[in-house]
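The values are calculated or read from the model by the stated rules, or taken from the named source; none is laboratory data. None of these values were measured; they are calculated from a predicted model. Counting neighbours? That spans all protein chains shown, and the Cβs are built from the backbone with ideal geometry, glycine included. All accessible areas refer to the heavy atoms of the entire protein, side chains included, with ligands and DNA or RNA removed. Shrake-Rupley method; radii C 1.70, N 1.55, O 1.52, S 1.80 Å.
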Amino acid sequence: MRLADISGFGGIDADADELLDRCFQDHPAYLNALEHERFLIIGRKGSGKTAIFKRLLKDKDPAHFCFGYTFDDYPWVHHDLQAQQGVPEERRYVHSWKYLALMGTAKLLMNCDHSQPWSDEAADALAILEDFIVDSYGSRDPDLTQLFSPEKELKIKAGLHLKFLDISGERVKVPDLPVHVQDVNRRVGDCVLKALNPENRYYICFDQLDLGLSTTDPKYAHRLIGLILAGRDLNIMAREAGKRFSVVIFLRDDIYKRLQFEDKNKITENHLSRIAWDQPRSEFTLKHLMERRFKEVLDDDASWETLFDEDKEMPSRQSKYAHMRDRTFLRPRDMIKFCNLVLAAYKAREGELPERFTNEDVINARARYSQYLLAELADEIHKHVPHYEEYLEIIKTIGRTQFTKEQFIDRWNQRPALADSDTHPEAALEELFEFSVVGYLKTGGGGGGSSYVWRYIDPSARFSPDASTFRVHPGFKEALDLAKGLRE
């Protein structure tokens, strides 16, 4: 098939990417989750979190069971009522998340796992779970968005052996659940662990947690912290019981970075897996990712070099791949979008089409790609940095891809709304650095020489207050109408 005959190389959104299943790569972050080794999967928006989430959900192995929570229509107001009082703020939602995860697991056991009951002990545990869930919610497969509905009433029979109930009643109103949820979770969790078949794999996944993001409402951060702590606790319980079960959480790295809680470093070191591409000594590159797509839409012999004429360097003396990669945030969605736009520019040519993409096609695609990247940035940054557009306007007035701190401060002071605000220009530069809009020049060091530091390349990088020279990410050059170099 010829380049002119294809429509594209897939979608940038996992929900709309028709090539996702056929071109999925077994990234280490996916394998870590699959093997129950690490449960907290983080990455920038578009790095592939939802692709892994969907892969876990769609696995057809008969011994693989997965339930996925997404939160586009979740009644957070009901969940917020489950906050426990009298405990540290970061732990107020731990038990409500545990309850949610345990109910999802019970649904898998009762409705999907055809190996059940795999033992007499499992049969007894499943009977108790079924009595509790059917009596409380009227179904073996309840709508989990209604678990915390204030109108619900949990009906607890003797099988759960909960000592807080008096002789006259077996009912707990959902608004009263926080008082008793620890006891409920302990007994329900015990039944779930007994019912889990050690020959099977079970996953409860949480995605789209950035929906409803608020940087001003402390409850949002407390909810996320509670979920992470709940996932860790349940996963440790399962491992100690010899069961292959995981709560798997997918979270944007900029959100995780802002969470502050006890044991965060332990979780980061022992339970976190970061989705990253084009890392040193790694086979997982955006080039290889695209080649799988090229082979799918063209033929098995398709490669980067058969589509892109790499015999001639770009004007920047880079290969086309390096030129395009440097304009991404090292995310699959960026490279997919860029390649689709190169294809569109190629097909828009007049006259006879060459056999491969040339420098002209890449250059003609850059303006539309730059606008795309700026729109992607807006989705991520606007809640964290409300005045980011004013900061970008300062860069536009400087007009160069490189600038000094003094130039930025000078233009800042020329804008009364900013000069009279409580925000300092150095703080604005730091915020732009955090979202990789700019990098700073680091001079010297153990290896000698100078290089630019970028957060999207090194997530552990920290802003340097002493930095004096900055560079705008190349992907924004056209959208911000910048010329190359440093204005003297």
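So is Asp299 open to solvent by 20 Å² or more (accessible area, probe 1.4 Å) and part of a loop (DSSP other than H, G, I, E, B) or not? The answer is yes for Asp299.
A Cβ distance below 6 Å, combined with a sequence gap of six or more or placement on separate chains, defines the contacts here; from the range 193-210, residues that are among the hydrophobic types (A, V, I, L, M, F, W, C) reach residues that are modelled with pLDDT of 95 or more and in a loop (DSSP other than H, G, I, E, B) in the pairs Leu193/Ala241; Leu196/Lys243.
Right, Asp207: buried (at least 16 other Cβ atoms within 10 Å of the Cβ), closer than 21 Å to Ile267 by Cα and of a type outside the set (Val, Ile, Thr) or not? So Asp207 passes the test.
Within the range 336-348, residues that are touching a residue at least 12 places away in the same chain (Cβ under 8 Å) and open to solvent by less than 40 Å² (accessible area, probe 1.4 Å) have Cβ atoms under 7 Å from residues that are among the charged types (D, E, K, R) and assigned to a helix (DSSP H, G or I) in these pairs: Leu341/Arg368; Val342/Asp361; Ala345/Asp361; Tyr346/Asp361, counting only partners at least 6 apart in sequence or on another chain. If only residues of the range 138-177 that are open to solvent by less than 60 Å² (accessible area, probe 1.4 Å), over 17 Å from Pro75 (Cα atoms) and assigned to a helix (DSSP H, G or I) are counted, the one that is modelled with the highest pLDDT is Leu160.
So is Arg366 surrounded by fewer than 16 Cβ atoms within 10 Å (Cβ to Cβ) and charged (D, E, K, R) or not?
Against the criterion (surrounded by fewer than 16 Cβ atoms within 10 Å (Cβ to Cβ) and charged (D, E, K, R)), Arg366 does not qualify.
For the structure I just gave you, tell me whether Leu251 is modelled with pLDDT of 90 or more, open to solvent by less than 30 Å² (accessible area, probe 1.4 Å) and assigned to a helix (DSSP H, G or I). Spelling it out, it is not the case that Leu251 is modelled with pLDDT of 90 or more, open to solvent by less than 30 Å² (accessible area, probe 1.4 Å) and assigned to a helix (DSSP H, G or I). For Glu360, state whether it is surrounded by fewer than 21 Cβ atoms within 10 Å (Cβ to Cβ), at pLDDT 95 or above and among the acidic types (Asp, Glu). Taking the combined requirement at face value, the residue satisfies it.
Out of Pro465, Pro474, Pro459, which single residue is at negative phi and more than 26 Å from the chain's Cα centre (by Cα)?
Values: Pro474 fails: more than 26 Å from the chain's Cα centre (by Cα); Pro459 fails: more than 26 Å from the chain's Cα centre (by Cα).
Being at negative phi and more than 26 Å from the chain's Cα centre (by Cα) holds for just one of Pro465, Pro474, Pro459, which is Pro465.
Look at the range 249-261: where a residue is closer than 13 Å to Glu90 by Cβ and in contact (Cβ under 8 Å) with a residue 12 or more places away in the chain and a partner is of a type in the set (D, E, K, R) and part of a helix (DSSP H, G or I), sitting 6+ places away or on another chain with Cβ atoms under 8 Å, you get Phe261/Glu90.
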